[in-house]
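Some notes on the structure that comes next.
The values are calculated or read from the model by the stated rules, or taken from the named source; none is laboratory data. Fair warning: this is a prediction, and the values are worked out from it, not measured in the lab. Here the Cβ positions follow ideal geometry from the backbone for every residue, glycine too, while neighbour counts run over all protein chains shown.
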Amino acid sequence: MPVITLPDGQQKKFDAPVTVFEVASLISKGLAQHALAGQVNDKLVDTCYPIQEDATLRIITEKDPAGLEVIRHSAAHVLAQAVKSLFPSAQVTIGPVIENGFYYDFAFERAFSENDLVAIEKKMHEIITKNHPVSRQTMTRDEAIQFFDKIGETYKVKIIQDIPANEVLSLYTQDDFTDLCRGPHVPSTGMIKAFKLTKVSGAYWRGDSKNAMLQRIYGTAWHDKKALEQYLHLLEEAEKRDHRKQAKIMDLFHFQEEAPGMVFWHENGWTIYQVIKKYIQQRILEDDYQEVATPQVVDLTLWKQSGHWDMFHEEMFTVEVDDRSYALKPMNCPCHVQIFKQGLRSYRELPIRLAEFGCVHRNELSGAMHGLMRVRQMTQDDGHIFCTEAQLQTETSRFIRLFIDVYRDFGFNDITVRLAMRPEKRLGDDGLWDQAENALADSLRHLGIHFESRPGEGAFYGPKIEFHLKDCIGRMWQCGTFQLDYAQPARLEASYIAEDGSKKIPVMLHRAILGSLERFIGILLEHYAGKLPTWLAPVQVVVINITDKQADFVEKVTNELKNHDIRVRSDLRNEKISFKIREHTIAHVPYLVVVGDREQAAETVSVRMRDGSDLGVMPVAQLIDLIHADIARLGRVTE
């Protein structure tokens with residue numbers, strides 16, 4: 001006789017096991033019609049799931065975030081069914097839910113075309129319209145292997161062979177299509193209201209370039225057409241803002257196969273990079289950091305001692321020299337500990353704050369790389385603070401304030417803070433993790449900062465505070481991190497002499513404000529759609545002549561602006577003035593300064609902005625003051 005406790009505290013008693021759907025029907029017919037799944041004692045289950053013991057129950061509908069995940073998971077199965085219907089020789093592999101959508105990987109003799117996507121999407125609509133019931137059954141591992149082997153799905157067989165022999169597997173069937181899946185799924189295909197296939201790309205089986213290349217079809221699904229249209233509009237806007245497109249327009253950087261995942265910076269892009277680096281250098285100098293530099297290639301023994309090799313070796317590049325094994329550093333922390341260890345440290349010296357613009361390398365999968373957003377070579381605005389336990393909260397609070405202030409200078413005011421807790425693979429015992437997690441949580445509460453807890457997402461050596469920035473089209477970007485580490489200083493034998501003369505291990509705080517400079521530049525380019533604030537723009541002013549008669553005066557104005565630390569270029573080409581203005585507007589130059597006979601005679605300039613606004617005619621000195629005031633605002637949004 002199970003007793004079901006509902007979210008509002010109501011309890012309902014039943015004489016026999018009862019399904020989620022039956023409970024929903026008892027509450028109301030409308031709820032039953034919209035029930036996608038149930039949450040029984042925090043476990044997400046199908047509506048056909050039988051509740052046999054006392055339990056808490058929440059009915060999951062399309063309005064629930066978990067309901068949206070169920071819809072997307074089911075849409076992936078409909079996609080697979082449609083592909084099998086149209087292309088029977090295609091092999092199905094995996095089809096997970098991802099952020100804002102889903103994908104499914106297929107083994108097929110050729111690449112799917114755009115026309116194929118249209119046909120697949122049409123077939124998916126047919127399957128949804130027919131509203132096929134979705135049923136669940138269980139099989140043993142051996143039974144599932146026999147089932148999928150019989151229907152020729154060799155990739156499913158490979159997946160099941162890696163599952164422990166004693167595990168019971170669940171299969172879901174809709175019409176004539178059956179797939180291996182944990183579920184849950186919608187009760188029937190007609191409950192998928194709004195979806196769209198977005199693109200097709202290649203993907204290696206199990207993410208390994210040594211394996212076969214598969215076809216990955218991406219899609220998105222939402223609870224209604226309005227939400228779908230809003231998301232598709234967001235995709236269009238994101239496509240316009242793509243930092244790789246902006247790079248071509250602004251001549252910033254490029255990639256090529258000879259150095260995959262590594263940036264070839266052009267002058268304009270390198271200018272942005274250097275401006276950001278100098279800004280961060282100034283901020284950390286004001287915050288009493290010592291800027292250091294450490295080697296690129298370090299003996300593997302250090303990475304093994306620090307714990308990085310055991311936890312991270314698949315992402316590290318290694319090299320053999322003189323019968324010794326080395327690694328290109330994937331991060332800077334063990335090297336900073338080596339600097340701390342030079343000489344006998346006293347508690348009087350603490351905190352010691354080390355900062356480095358450290359170039360690091362990580363062996364990202366070729367399919368995972370994406371412009372500046374995911375690269376193999378990157379520069380981190382990295383830093384490590386060595387302090388006492390008593391200094392921990394002060395240092396944490398001090399740095400969080402710096403984080404938020406820096407982000408506002410770049411134009412980000414909507415910041416979400418998350419506390420990432422201990423992962424499954426980690427260094428140190430639970431007592432140290434309890435202490436570390438509580439310390440960071442207490443620091444955030446002390447500052448009055450609301451934060452979300454994220455179990456299992458911490459670094460292997462300690463919990464971390466993550467700063468997620470919302471851009472102008474609503475996307476979230478995780479940039480800065482602040483991590484508390486009790487493990488590495490102990491493993492690497494770092495110590496200081498305490499006030500009582502004893503030897504103690506320092507607390508180590510890892511922090512990066514921007515994270516990777518490359519990725520942060522990509523985020524900025526997309527946030528501003530290339531129209532960077534004047535202080536970041538690689539070219540802040542272009543001075544343009546109307547005829548050759550003004551050439552000397554254009555050079556005079558250009559030199560005057562250069563002498564006042566303004567990044568300026570002259571455009572003396574024999575082109576129409578409208579053509580030149582349009583070209584530099586497209587390249588997102590903030591100030592377009594035009595000189596004709598009238599301006600030359602009066603020693604003035606005509607000033608336009610990239611948004612088309614006309615600031616009129618003014619003396620050069622006034623223009624300089626105007627630009628300097630604009631630069632001084634940085635990217636801060638004025639109230």
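A few comments on the model shown:
- Taken together, the criteria exclude residue 302 from residues that are outside any strand (DSSP E or B), crowded, with 17+ Cβ neighbours inside 10 Å and at pLDDT below 90.
- Within the range 151-163, residues that are at negative phi and not assigned by TED's automatic domain parsing to the domain that holds residue 206 have Cβ atoms under 9 Å from residues that are outside any helix (DSSP H, G or I) and modelled with pLDDT of 90 or more in no pair, counting only partners at least 6 apart in sequence or on another chain.
- Strands (runs of 3 or more DSSP E) lying entirely in the range 76-175 (those with 2 or more residues that are surrounded by 12 or more Cβ atoms within 10 Å (Cβ to Cβ) and of a type in the set (Gly, Ala, Ser)): 101-107
- Some residue of the range 177-198 being farther than 18 Å from residue 108 by Cβ, under 31 Å from the mean Cα position of the chain (by Cα), in the same structural domain as residue 125 (by TED's automatic domain parsing) and of a type in the set (Asp, Glu): no
- Residues that are surrounded by 12 or more Cβ atoms within 10 Å (Cβ to Cβ), closer than 18 Å to residue 581 by Cα, more than 38 Å from the chain's Cα centre (by Cα) and without any contact (Cβ under 8 Å) to a residue 60 or more places away in the chain, drawn from the range 605-622: 606, 607, 615, 617
- Residue check, residue 593 under 22 Å from residue 632 (Cβ atoms), in a helix (DSSP H, G or I) and over 38 Å from the mean Cα position of the chain (by Cα): no
- Qualifying residues in the range 344-356 (those that are buried (at least 17 other Cβ atoms within 10 Å of the Cβ) and either part of a strand (DSSP E or B) or outside the structural domain of residue 514 (by TED's automatic domain parsing) (or both)) - the one farthest from the chain's Cα centre (by Cα): 352
- The one condition in (1) within 20 Å of residue 180 (Cα to Cα); (2) assigned to a helix (DSSP H, G or I); (3) not assigned by TED's automatic domain parsing to the domain that holds residue 192 that residue 47 fails to fulfil: (2)
- Residue, nearest to residue 525 (Cα to Cα), within the range 243-260, restricted to residues that are under 22 Å from the mean Cα position of the chain (by Cα) and surrounded by 15 or more Cβ atoms within 10 Å (Cβ to Cβ): 243
- Selection within the range 534-555 - out of contact with any Leu (no Cβ under 9 Å at 6 or more places or on another chain) and surrounded by fewer than 17 Cβ atoms within 10 Å (Cβ to Cβ): 547, 549, 552
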